[in-house]
Amino acid sequence: MHSNYHPLRLKRLTFFIVFVLTILVYNPAFADIYVQKKDSLERILRSYTADDKTKVDLLLSICSTYDDRQYFDTTFLNYAQNALSIANKLKYKIGVAKGKMYCGQYFVSKRDTTNAFANLNQALSIYTQLNDPAGVINTLLSLGKIHIDFLQYKVSISNYNKALDIAIHNNFDRYQSILYRELGHVFYRLLDFSKALEFYQKALNIAESAQLKQEKIKIFRKIGEVYYHLDKFDITIDYSTKIITLARELNDQ
């Protein structure tokens, strides 16, 4: 019993450093920016009365601020459904696609797979018709996350690879980094840690070359998780320090 005490205590300490300090330092670094942007858009919306394409775009911009923070509550859903309703009346296809996608993301967060799949597949169809590569990528990302929840890893990998091909073809650095990170997460879930680290490194290389600092923080967290499960505590602590340093740098900017 005694010989197991020290590693257990160290593992708990490592967990605290990586996750709790990240929440304390990383999240506040961007919370003010998020709140200011959302509040500013909501003020504009309150004074806007016409149900036109501009209002749809405004509603969707507010949804985007929620999406940036991965905060999907009923207010977010109301904005998405309002945008979708107006866009349908106007036959504003890109507005319909985005509204469907945001509704789908809400239902993904609530694990309502029936509504999630219905909305996301409709969004994907419209984005494909409109030849909107970013829209297709975003929708495939959301669909991939649902399949992970069902342990359908092959389907998830297929969705991510389709999206990655589009991102590479269009030179979308940010999406390439995100998709490599998500592929890494799939293999992390499969407990194939060497493959996970391989994809995380690809994601990190792109994030560094394209100076995607917020993306780098997310990748650092994922790499830290792998080393945590490999019981390589010194490396885990090193990545937690990188997260905090970069978050503070971004906050200062």
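The values are calculated or read from the model by the stated rules, or taken from the named source; none is laboratory data. Since this is a predicted model, take the numbers as computed values, not measurements. Quick reminder, even Gly has a Cβ in these numbers, built from the backbone with ideal geometry, and neighbours come from all protein chains shown. Remember, those area values only see protein heavy atoms, side chains included, never the ligands or the DNA or RNA. Shrake-Rupley method; radii C 1.70, N 1.55, O 1.52, S 1.80 Å.
Being open to solvent by less than 40 Å² (accessible area, probe 1.4 Å), within 15 Å of L179 (Cβ to Cβ) and either more than 17 Å from the chain's Cα centre (by Cα) or hydroxyl-bearing (S, T, Y) (or both) is the filter here; which residues of region 199-233 pass it? Y200, A210, listed by residue number.
Among the residues of region 164-198, those that are among the polar types (S, T, N, Q) and within 15 Å of the chain's Cα centre (by Cα) comprise Q176, S177.
Does T65 count as modelled with pLDDT under 95 and open to solvent by 40 Å² or more (accessible area, probe 1.4 Å)? No; evaluated as a whole, the condition is false for this residue. On the basis of being basic (K, R), in a helix (DSSP H, G or I) and farther than 28 Å from L179 by Cα, does K89 make the cut? When the stated conditions are applied, K89 passes them. Of the residues making up region 189-198, those that are touching a residue at least 12 places away in the same chain (Cβ under 8 Å), in a helix (DSSP H, G or I) and surrounded by fewer than 20 Cβ atoms within 10 Å (Cβ to Cβ) are R189, F193, L197, E198.
Of all the listed residues (Y48, Y5, Y34), the sole one being modelled with pLDDT of 75 or more and either farther than 30 Å from I243 by Cβ or assigned to a helix (DSSP H, G or I) (or both) is Y48. The number of residues in region 87-122 that are open to solvent by 30 Å² or more (accessible area, probe 1.4 Å) and closer than 21 Å to K55 by Cβ comes to 9.
The residue that is least open to solvent (accessible area, probe 1.4 Å), counting only those in region 124-133 that are part of a helix (DSSP H, G or I) and in contact (Cβ under 8 Å) with a residue 12 or more places away in the chain, is Y127. Tallying residues that are open to solvent by 10 Å² or more (accessible area, probe 1.4 Å), out of contact with any Phe, Trp or Tyr (no Cβ under 7 Å at 6 or more places or on another chain) and in a helix (DSSP H, G or I) within region 72-85 yields 8.
Scanning region 134-172 for residues that are open to solvent by 40 Å² or more (accessible area, probe 1.4 Å) and either in a helix (DSSP H, G or I) or small (G, A, S) (or both) gives N138, K145, D149, K154, V155, S158, N161, K162, D165, I166, I168, H169.
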